[in-house]
Every structure is written in C-alpha cells, then in structure tokens.
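The values are calculated or read from the model by the stated rules, or taken from the named source; none is laboratory data. Remember, it's a predicted structure, so these values are computed and weren't measured experimentally. Reconstructed Cβ throughout: ideal geometry from the backbone, glycine too, with neighbour counts over all protein chains shown. Protein only, heavy atoms only, side chains kept; ligands, DNA and RNA dropped before computing areas. Shrake-Rupley method; radii C 1.70, N 1.55, O 1.52, S 1.80 Å.
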Amino acid sequence: MKTAMAISGLITGWSLTLLGYQPGVQQSEFTKNGLRFIMVILPIICIIASFIIYKWSYKLKGAYIKDVVNVLNLRKSKKA
C-alpha cells in the first residue's frame, strides 16, 4: 500500500512537470489537455489493463474453484 502511494505520487509529480504545470498561473492549452488526459483517459486505460490482466491471470473455474472452496471450508471449520 505504501509503495503504491509513493509510486502514484511520483507519477503525478513527473506528469505535472512534463506538462509544465505552474500553480497560481494561467495554464497553457497543452497543460490543460494534459491534465484532462491524466484525470480521464489514463484511469480508463488503467481500468481496461487491469481487467485484461484479471481475465488472463485469475482462472477460478472447474475443479480448481472446488479445491479452493474446500480448503476455505476446512479452515473455517477448524476455527469454529
């Protein structure tokens, strides 16, 4: 969690620097469009990428899901 927060801060800082953002000053069109991209398009791209990774990586089907459910039920019954 801490690493993700640090990386997101780093990416945000780099992005603002690359876009030429200056606080308290009228922003150029390049900067405004870059901020729109960062706030709208980039999250959409990340959501699509995470969905693709999820679909490709997590295969909870058939016998595997039954094994997982059995293990969880055994752990639950041992705690009770």
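Things to note:
- Here the 3J(HN,Hα) profile of region 31-39, calculated from phi with Karplus coefficients 6.51, -1.76 and 1.60 at θ = phi - 60°, is 5, 4, 5, x, 5, 4, 4, 5, 8 Hz, Gly and Pro shown as x.
- Nonlocal Lys pairs with alpha-carbon distance under 29 Å, the chain (8 or more apart, or different chains): 13
- Trypsin sites (Lys or Arg not before Pro) lying in DSSP loop within the chain, provided at most 12 other Cβ fall within 10 Å: 59, 61
- Under the combined filter of DSSP loop state and at most 12 neighbouring Cβ atoms within 10 Å, the chain retains these chymotrypsin sites (Phe, Trp or Tyr not before Pro): 58.
- In Å², nearest 10: area of residue 69 left accessible to a 1.4 Å probe: 70
- If you plug the beta carbon distance of residue 7 and residue 27 into 1/(1 + (r/R0)^6) with R0 = 30 Å, you get a FRET efficiency near 0.75.
- ³J(HN,Hα) computed for each position of region 4-21 - Karplus, 6.51 cos²θ - 1.76 cosθ + 1.60, integer Hz, glycine/proline x: 4, 5, 5, 5, 5, x, 5, 5, 4, x, 4, 4, 5, 5, 5, 7, x, 5
- Cα convex hull of region 1-42 - mean projected area over all directions, nm²: 3.3
- Only protein heavy atoms count here; under a 1.4 Å probe, residue 50 has an accessible surface of about 60 Å².
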